[in-house]
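What follows is a single structure, written as structure tokens, with notes after it.
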Number of protein chains: 2
Amino acid sequence: MVNHLGQKIRELREKKSLLLRQVAAHLEVDTALMSKIERGERNASKQQVISIASFLKADEEELLTLWLADKIESTIVEEPKIAYEAMKIANKNLKK
Amino acid sequence: MVNHLGQKIRELREKKSLLLRQVAAHLEVDTALMSKIERGERNASKQQVISIASFLKADEEELLTLWLADKIESTIVEEPKIAYEAMKIANKNLKK
DNA sequence: GATTGACTTGTCAAATATTGTCAAATCTAA
DNA sequence: TTAGATTTGACAATATTTGACAAGTCAATC
């Protein structure tokens, strides 16, 4: 359930002693949604990730990379048996 | 637009000189949909892949692997810049 | 043990995306 | 041309995702 991006955001936010409510306000979303994003119960949109990075003064590319990794993981998680092989195929085409 | 699974299905189907209509009938879907699946314009569901494998006497796991690879690729295609790094993260967790 | 503030949880309607069909168009071989 | 095979585009039906709201838990403080 937990994901890379949410954990990272929570870590950054707590390091700065900011409240969920404050980050949520900056994104203009409900605090509840922000809570879900940090706990990996909801996915953030790309724009939300960018906005979070800006508010937390974090590296945008780093957060987006975690966000994409989460998406990949949720794609493969249901197919553990063939995931590795599929990743190899996808990766091969990536290098082209 | 083209994808691994569709290409493979088309290749197998043509090798057996079967019509789209015949495969579609076995899946109980419209021929148009089968055409779209082969050309990568639509994704097949997991059950459809299984059914296609059975009808074409192809290796089910192989087709499902291509199907999953397509899903991964469509996840990362919009983010070419960070895709490789994200794949590395996802892959690391896979090994656990 | 009541109050307060931060966070979490469940549910819902609205928005968005996906699916499969149909009809029409295009292609191909005779 | 004609017939059959495939493709295309538009559309309704479904399914999924989104975010808000209300109610809940939890911990600290009074």
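Which value, in Å³ per residue, describes the convex hull spanned by the Cα atoms of the stretch B:4-70?
66
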Self-check item: Cα-based Rg and Dmax for the protein assembly as shown, where Dmax is the largest Cα-Cα distance (Å)
Solution: 20.1, 66
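With Cβ to Cβ distances under 13 Å as the rule, what net charge do the other residues near A:Asn3 carry (K, R +1; D, E -1)?
Working: positive: A:Lys8, A:Arg10, A:Lys36, A:Arg39, A:Arg42, A:Lys71; negative: A:Glu11, A:Glu38, A:Glu41, A:Asp70, A:Glu73.
Result for the local shell: +1.
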Quiz item: Sequence-distant or interchain residues sharing an amide H contact under 5 Å with A:Lys16, placed H: which?
Solution: none
Practice problem: Could you state the angle between the C-alpha long axis of helix A:80-94 and the longest principal axis of the C-alpha atoms of chain A, as a value from 0 to 90 degrees rounded to the nearest 10? | Solution: 90
Practice problem: Treating the angle as unsigned and between 0 and 90°, give the value, to the nearest 10°, between the Cα long axis of helix B:4-15 and the longest Cα principal axis of chain B. | Solution: 30
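Enumerate by residue number the GluC sites (Glu not before Pro) in the stretch A:13-96 meeting two conditions: DSSP loop (anything except H, G, I, E, B), and at most 15 other Cβ atoms within 10 Å of the site's Cβ.
For GluC sites (Glu not before Pro) across the stretch A:13-96 that sit outside H, G, I, E and B with at most 15 neighbouring Cβ atoms in 10 Å, the list reads A:Glu28, A:Glu41, A:Glu78.
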Quiz item: Would you list B:Ser74, A:Ser51, B:Ser17 from fewest to most Cβ contacts within 10 Å?
Solution: B:Ser17, B:Ser74, A:Ser51
Quiz item: Between the stretch A:11-69 and the stretch B:44-82, how many Å separate their Cα centres?
Solution: 32
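Here, each number is a calculation from the coordinates, and none is a lab measurement. These numbers were taken from a predicted model, which means no experiment stands behind them. So basically every Cβ, Gly included, is an ideal-geometry build from the backbone, and we count neighbours across all protein chains shown.
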